[in-house]
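Please treat every number below as a calculation from the coordinates, not as lab data. All of these numbers come straight from a predicted model, not from anything done at the bench. Counting neighbours? That spans all protein chains shown, and the Cβs are built from the backbone with ideal geometry, glycine included.
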Amino acid sequence: MKMPSRLLIVFVLAAVLLSACSVGGRSALIGKWTPETVAQGQPAAIQEYTAGGKFRQEVNSGLFLEATYQFVDDSSYILIIPEGLGIATHLKFSVQGDKLILTPIDPATSQPGAPETLVRVK
C-alpha cells in the first residue's frame, strides 16, 4: 500500500521539527561552566567536562577537585569523586543555549532535588 504524499510530507516535517528541538544531548555537556549566580564575596567556581569523561572544578584559587563522570542516558550522568571519598552523585542535565541546568537525583527516593543553573564560559 502506497502512503499518500501529503501524509509522507507531514511525517518528514515532524521528523525535521523534532530533530531541531533536541538540544545537544551528551556532547552539549562538554566544556567549561560557571554558576549563573554567585554569593557576594565568593569566587565563581568553574566546572569543566571533557569528552573523555573527566570532570574538574576549581574549588578555590589553585585548588581543584577532579572526578570522572559516566552517562546513564542522554540526559543524566553519574559524577564519581574518588580520592578516598567514594562519592557518586546522579545528576540530570539539560543544556538550553549557553545554560546548563543540573538537577541532583536523590539515590534513596529517585526524586529530583533543587536545580542549579550554570552558564557556559566563553
> Excluding Ile30 itself, what net charge comes from residues whose Cβ is under 11 Å from its Cβ, given Lys and Arg +1 and Asp and Glu -1?
Replying inline: +3
> Given the Cα-Cα distance of Gln42 and Ile105 and 0.36 nm per residue of separation, how much length would full extension add, in nm?
Replying inline: 20.1 nm
> Residues with amide H under 5 Å of Ser76's amide H, sequence separation 5 or more or different chain, H placed in the peptide plane at 1.01 Å from N; which?
Replying inline: Phe93
> So between Ala88 and Ser61, what do we pick up on full extension, going 0.36 nm a residue minus the alpha carbon distance?
Replying inline: 7.3 nm
